[in-house]
1. Among the listed residues Pro61, Pro70, Pro47, which satisfies the condition of being surrounded by 12 or more Cβ atoms within 10 Å (Cβ to Cβ) and modelled with pLDDT under 85?
2. Hey, can you tell me all the residues within the stretch 7-18 that are open to solvent by less than 70 Å² (accessible area, probe 1.4 Å) and either within 13 Å of Ser45 (Cα to Cα) or of a type in the set (Asp, Glu) (or both)?
3. Just one of (1) surrounded by 10 or more Cβ atoms within 10 Å (Cβ to Cβ); (2) without any contact (Cβ under 8 Å) to a residue 12 or more places away in the chain trips up Gln31, so point out which.
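The values are calculated or read from the model by the stated rules, or taken from the named source; none is laboratory data. Predicted, not measured: the structure shown is a model, and the values here were computed from it. Cβ placement follows ideal geometry from the backbone for every residue including glycine, while neighbour counts extend to all protein chains displayed. What goes into the accessible areas is simple: the full protein's heavy atoms, side chains included, and nothing from ligands, DNA or RNA. Shrake-Rupley method; radii C 1.70, N 1.55, O 1.52, S 1.80 Å.
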Amino acid sequence: GSLLQPESLLDAAAKRVAGSWAFERVEGRFQRIPEPVQRRIVYWSFPRSERQICMYSSFQPGRAAAAASPASAAA
């Protein structure tokens, strides 16, 4: 059997921060955040499920294609 890898302390902490605070607040409150820590907080700040991504996204299928077509530009 395979052994499961435990979550790193960095990921556990970054996930907790991302779940509690907006990244902008983290940046504004703490002066010097190491780059690897910033990357993990940003990573965990994004939604994980397709449903959450759709809920928070402004992208609507068909709308971008219509905006890019020459017919809509002429109108």
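1. Values: Pro61 fails: surrounded by 12 or more Cβ atoms within 10 Å (Cβ to Cβ); Pro70 fails: surrounded by 12 or more Cβ atoms within 10 Å (Cβ to Cβ).
Result: Pro47 is the single residue among Pro61, Pro70, Pro47 that is surrounded by 12 or more Cβ atoms within 10 Å (Cβ to Cβ) and modelled with pLDDT under 85.
2. Within the stretch 7-18, Asp11, Ala12, Ala13, Ala14, Val17, Ala18 qualify.
3. The number of the failed condition is (1).
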